[in-house]
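What follows is calculated from the coordinates using simple rules that are stated; it is not laboratory data. Fair warning: this is a prediction, and the values are worked out from it, not measured in the lab. Cβ atoms come from the backbone with ideal geometry, glycine included; neighbour counts cover every protein chain shown.
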Amino acid sequence: MTDTTYLGEILVTGTRRAHGSTGGYGGSAGGPRDTGGIHQDEVSDNPNPEPPVQNDPCADALGQFEVNADAAAAKAAKDMEEFAKGHKPNETPFNEREYFTALWQLPDGSFDHGPITTSEETFSQPGGGDQKPSPDVDFTPPVAGAVLVGSVHSHGPLGWVMSTGPNHPNGEQSGPNSYPTDQDHLSGMQAMRAANGGDRNQTKLYIVARDSDGSYEIPGTPRLHVYDQRNREAAIGGGVGPEVDPEAQPCPNT
């Protein structure tokens, strides 16, 4: 190419990467942001190139919400793991039973999670039918005026896929003894968020589960994946949502 016009280096920041990727967390994968790492559109011998163009997901309110929600979820997943270690010290956190916490946006704009709860039964002690052990969920707002963002809950090893269940192809409960699936859970949270003045389509459902190398004795790394209205149809087909950076940080000055 003979055109030496330098378009600048585009540095992409963000908190997510595609499931299975081993690259950096380059953007809000599955959302309105680039999912790549560092892109260089054109190279020239110009000794005075233009400064890098920053594709900053914190530059607008939508991007700030995505980044801050991911950061709150990453912190919640870490807090959940520490809670699990103290609650059941003889178990590998997340591998034996389910844990849950709700995510909230507080009136000052900051994000936080609520109380962490867990199931009394382990995954090997289901209640019958298609039911599986689940914790009591606590959606009590931490302060007046808090708006529900979504939730973080755990699955067993490699369990990053949203549950739909054989009786819930569309994420709908079917019968008094049916276990509410993750699709049901997302729908319920969307209604709660909308009732409090939030955008239902921004409601997040995060699932944390451990990697596994096939060895029970060596716990894998917890990995956090995110779902919302944009990728729930793909999830019904078994698609896995974007992975969230475990060290995600909120946008500055928010």
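Points worth noting:
- Cα-projected label distance for Ser21 with Asp211, points at 7 Å along beta-carbon direction, nm: 1.6 nm
- Between Val143 and Ser110, the simple spin-label model (points 7 angstrom out along Cα→Cβ) gives 0.7 nm.
- The length gained on full extension between Ala194 and Glu120, counted as 0.36 nm times the residue separation minus their Cα-Cα distance, comes to 23.5 nm.
- Charged neighbours of Gln249, selected by a Cβ distance under 14 Å, balance to -2 (K, R count +1; D, E count -1).
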